[in-house]
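Novice: Have a look at this one.
The values are calculated or read from the model by the stated rules, or taken from the named source; none is laboratory data. Keep in mind it's a predicted model, so treat the numbers as computed, not measured. Note: ideal-geometry Cβ built from the backbone for every residue, glycine included; neighbour counts use all protein chains shown.
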Amino acid sequence: MDNFFHRVYKIVAKIPKGKVATYGQIASILGHPKGARTVGWAMQSAPSHLNLPCHRVVNRLGEMAPEHIFGDKRYQQALLEIEGVTFKEDGCIDMKKHQWIMDDEEFL
């Protein structure tokens, strides 16, 4: 497993229920602020045995992943709604309410 991918997975594993993180946010935490796309590749390659909450990673606008990721955007949205994530009228996550802000000690 690529070291960067492994570090992405460590962060994703910490995203709590009811919160989301963006691809760019995760990249910035890892010191690669322009690495959002690479975080996306890591998410696509996430081994299923890690049981990561991949549904909690969204784009900067709070939009759902492309359909080829979960099979249907409504599936990802349903998983998030079960956890208490709310959506605005435009179908995007209320990022002000649900974006996860990781404490520095959480990364250690």
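Novice: State yes or no: is A27 among the aliphatic types (A, V, I, L, M) and either at pLDDT 95 or above or loosely packed, with under 13 Cβ neighbours inside 10 Å (or both)?
Specialist: yes
Novice: Quick one: in the range 35-55, which of the residues that are small (G, A, S) and over 17 Å from G24 (Cβ atoms) is surrounded by the most Cβ atoms within 10 Å (Cβ to Cβ)?
Specialist: The selected residue is A46.
Novice: Could you tell me how many of the residues in the range 1-47 are within 13 Å of the chain's Cα centre (by Cα), not in a helix (DSSP H, G or I) and not polar (S, T, N, Q)?
Specialist: Here the count works out to 10.
Novice: Let me ask something else about it. So which residues in the range 92-108 are outside any helix (DSSP H, G or I), surrounded by 12 or more Cβ atoms within 10 Å (Cβ to Cβ) and either touching a Leu at 6+ places or on another chain (Cβ under 9 Å) or at pLDDT 85 or above (or both)?
Specialist: C92, I93, D94, Q99, W100
Novice: Looking at N3, is it out of contact with any helix residue (DSSP H, G or I) (no Cβ under 9 Å at 6 or more places or on another chain) and modelled with pLDDT of 95 or more?
Specialist: no
Novice: Please identify the pairs in which a residue from the range 52-67 that is on the phi > 0 side of the Ramachandran plot has its Cβ atom under 8 Å from the Cβ atom of a residue that is in a loop (DSSP other than H, G, I, E, B), counting only partners at least 6 apart or on another chain.
Specialist: G62/K88; G62/C92; G62/D94
Novice: Further question on the same structure: Give the residues of the range 79-90 that are in a loop (DSSP other than H, G, I, E, B) and surrounded by 12 or more Cβ atoms within 10 Å (Cβ to Cβ), sorted by residue number. Before you say what the answer is, go through the steps one by one.
Specialist: Our first condition is that a residue be in a loop (DSSP other than H, G, I, E, B); within the range 79-90, this holds for 83-86, 88-90.
Residues satisfying the conditions are E83, V85, K88.
Novice: Okay, next question. Residues of the range 56-78 being among the hydrophobic types (A, V, I, L, M, F, W, C) and surrounded by fewer than 17 Cβ atoms within 10 Å (Cβ to Cβ), which ones?
Specialist: L61, A78
Novice: What are the residue pairs meeting all of these: first residue in the range 89-100, first residue under 17 Å from P66 (Cβ atoms), second residue surrounded by 16 or more Cβ atoms within 10 Å (Cβ to Cβ) and among the small types (G, A, S), Cβ atoms under 7 Å, and 6 or more apart or on different chains?
Specialist: C92/G62; I93/G62
Novice: Exactly one condition in (1) closer than 19 Å to F87 by Cβ; (2) modelled with pLDDT of 95 or more; (3) of a type in the set (A, V, I, L, M) is not met by V12; state its number.
Specialist: (1)
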